[in-house]
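So the structure is just underneath, and the comments pick up after that.
The values are calculated or read from the model by the stated rules, or taken from the named source; none is laboratory data. Bear in mind the structure is a predicted one, so any value in this text is a computation, not a measurement. Cβ placement follows ideal geometry from the backbone for every residue including glycine, while neighbour counts extend to all protein chains displayed.
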Amino acid sequence: MSRNKHQLLIIIFQWIIGSFFLGIPSFAKESKYIDIGSGRELFVDYYLINRLDGAHLILHHPHDEGPVLKFEQPWEGPFCGYCTVIKDQDKYRFYYRGLPQAGRDGSSREVTCYAESLDGIHITKPRLNLFTLNGSKSNNVILANAAPVNHNFSPFLDTRRGVPQSQRFKALGGTKKSGLIAFVSPDGVHWKKLQEEPVFTKGMFDSQNVAFWSDSEQCYLCYFRTWTDTNYGGFRTISRTTSKDFLHWSDPVEMTFGDTPREHLYTNQTHPYFRAPHIYIAIAARFLPRRQVLNEKQAQQLKVNPSYFKDCSDAVLMTSRGGNTYDRTFMEAFIRPGIGLQNWVSRSNYPALNVVQTGAAEMSIYVQHDYAQPTAHLRRYSLRLDGFTSIYAPYKSGSMTTKPFIKGKKLLLNFATSAPGYIKVEIRDSEGKPISGYSLRDAEELIGNYIEHPVSWRHGNDVSPLSTRPIQLRFVMKDANLYSLQFRP
């Protein structure tokens, strides 16, 4: 080929490529812009935050609403644990291990119990007549004689599009010896094995091993117990595996926690947050072995099992946006042990799997209390929707500026102010310059307490003229909390 022809081909190729990209907005070629689309974004990490001036990212603490479920039946008892709550349309389904006496993990005495509620507050135990215990079928047991699966049976509602009705619910359970065994159910009550062989074997599994379908990653995820050293040595930690069909799982990858100190994480309770499923919330049980609060006499007075009062634990908040990384923005306790020595017993204060909505502005977290004691029970804790954390500005005011991102057409905020407090929102271009018509002087003050409220400027609340360009938001706040934002299409 001649030199002139070669140069001509190069020019033609460059013209074709240039023409292809000509119709693509410049920000689409840049990887530095976050595309939040119309999804809700919570301030549980620094994902959207670029700058804080006088404002702070703070952790909130759920309110203890009291006991909702006692483990008082003969087949339940002091060693009930590994609880799960699933909101299935208008019904709340509760699952937990029943175990009257301590023993080897995966023993034949373990059963899986079931309770339900129409509001997530008043819980009943139906008599299911499925299994004979103590000479009667009048009980709330959904799985028995299935050792070692009952030790840590962990169900979930499969949200994958096109899932068969017969497999609407799925679950995993098992120990290191057995591997994780998969179960399926059409109704969350009647269960059967998906196959006889375990579906996954590469873990220690001596905890609750949780799974779910991820829409954002388009696969099943399982977060399960591993240890940092061999033979149960080092720290209790978490690893992750993925699957397209719930039968074949990838090699495990250990989760990382950023630049934070190692801690024993007994359960992980990782799940998609129901109002922003691309964000995984993990309300983990943090375990401190040999950190003893009770003495032997106090343990005897509480009738604590002698093997279960020389450690203590609380609950911590972690988040993930996929991959093998947890964000531990907050090392402080999310739920502290309560007043009373009964709350400082080994393996107490363990959160149930999943956060569920229990009111127009409320969500609930359930926590296991009084482990290894005759008073063992489940308690409910409440938070406002999206209220795990917030951007907070004090009375003297502060501001937060986001990173550049791409968004929808109408901005809604979840926020609360005091009577003299306010929030004002300025929209800037990707270089940080206020956009005409959306500057701070154009912004209307937001005052009040709302789960969803539109942001307005002098001309209204339509931001669709900006939909073809990346923007930054600057929030100027006084005595106010900002919990989440969402751009509606």
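You will find that of Leu446, Leu466, the residue that is in the same structural domain as Arg40 (by TED's automatic domain parsing) and under 25 Å from Tyr392 (Cβ atoms) is Leu446 and no other.
Residues that are farther than 17 Å from Val367 by Cβ, crowded, with 21+ Cβ neighbours inside 10 Å and of a type in the set (Val, Ile, Thr) within region 316-345 comprise just one, Thr319. Among the residues making up region 454-478, a single one is surrounded by fewer than 19 Cβ atoms within 10 Å (Cβ to Cβ) and touching a Phe, Trp or Tyr at 6+ places or on another chain (Cβ under 7 Å): Arg469. Counting only residues that are in a loop (DSSP other than H, G, I, E, B) and either in contact with an Asp or Glu (Cβ under 8 Å, 6 or more places away or on another chain) or exposed (fewer than 14 other Cβ atoms within 10 Å of the Cβ) (or both), region 194-215 holds 6 of them.
Residues of region 389-448 that are surrounded by fewer than 16 Cβ atoms within 10 Å (Cβ to Cβ), under 23 Å from Ile58 (Cα atoms) and either at pLDDT below 95 or of a type in the set (S, T, N, Q) (or both): Ser418 alone. The requirement of being among the charged types (D, E, K, R) and part of a loop (DSSP other than H, G, I, E, B) is fulfilled nowhere in region 411-426; no residue meets it. Residues in region 369-399 that are in a strand (DSSP E or B) and more than 23 Å from Pro67 (Cβ to Cβ): Thr389, Ser390, Ile391, Tyr392, Ala393, Gly398, Ser399.
Is it true that some residue in region 107-115 is at positive phi and in contact with a helix residue (DSSP H, G or I) (Cβ under 7 Å, 6 or more places away or on another chain)? The answer is no; no qualifying residue exists. Look through region 140-173, keep the residues that are of a type in the set (Gly, Ala, Ser) and farther than 21 Å from Phe94 by Cβ, and return whichever of them is nearest to the chain's Cα centre (by Cα). Here the residue is Gly162. If only residues of region 82-128 that are out of contact with any Ser or Thr (no Cβ under 9 Å at 6 or more places or on another chain) and assigned to a strand (DSSP E or B) are counted, the one that is surrounded by the fewest Cβ atoms within 10 Å (Cβ to Cβ) is Asp88. Answer yes or no as to whether Ser348 is assigned to a loop (DSSP other than H, G, I, E, B) and surrounded by 20 or more Cβ atoms within 10 Å (Cβ to Cβ). Against the criterion (assigned to a loop (DSSP other than H, G, I, E, B) and surrounded by 20 or more Cβ atoms within 10 Å (Cβ to Cβ)), Ser348 qualifies. Scanning region 159-174 for any residue that is out of contact with any Pro (no Cβ under 7 Å at 6 or more places or on another chain), closer than 14 Å to Glu76 by Cβ, among the charged types (D, E, K, R) and not in a strand (DSSP E or B) turns up nothing.
For region 282-307, the set of residues classified as charged (D, E, K, R) and surrounded by fewer than 16 Cβ atoms within 10 Å (Cβ to Cβ) consists of Arg290, Arg291, Glu296, Lys297, Lys303, listed by residue number.
State whether one or more residues within region 60-70 are assigned to a loop (DSSP other than H, G, I, E, B) and more than 22 Å from Tyr381 (Cβ to Cβ). No, because not a single residue in region 60-70 is assigned to a loop (DSSP other than H, G, I, E, B) and more than 22 Å from Tyr381 (Cβ to Cβ). The single condition from (1) at negative phi; (2) assigned by TED's automatic domain parsing to the domain that holds Glu296 that Gly408 fails is (2). Restricting Ala171, Ala144 to residues that are in the same structural domain as Trp227 (by TED's automatic domain parsing), small (Gly, Ala, Ser) and closer than 22 Å to Lys87 by Cα narrows the list to Ala171.
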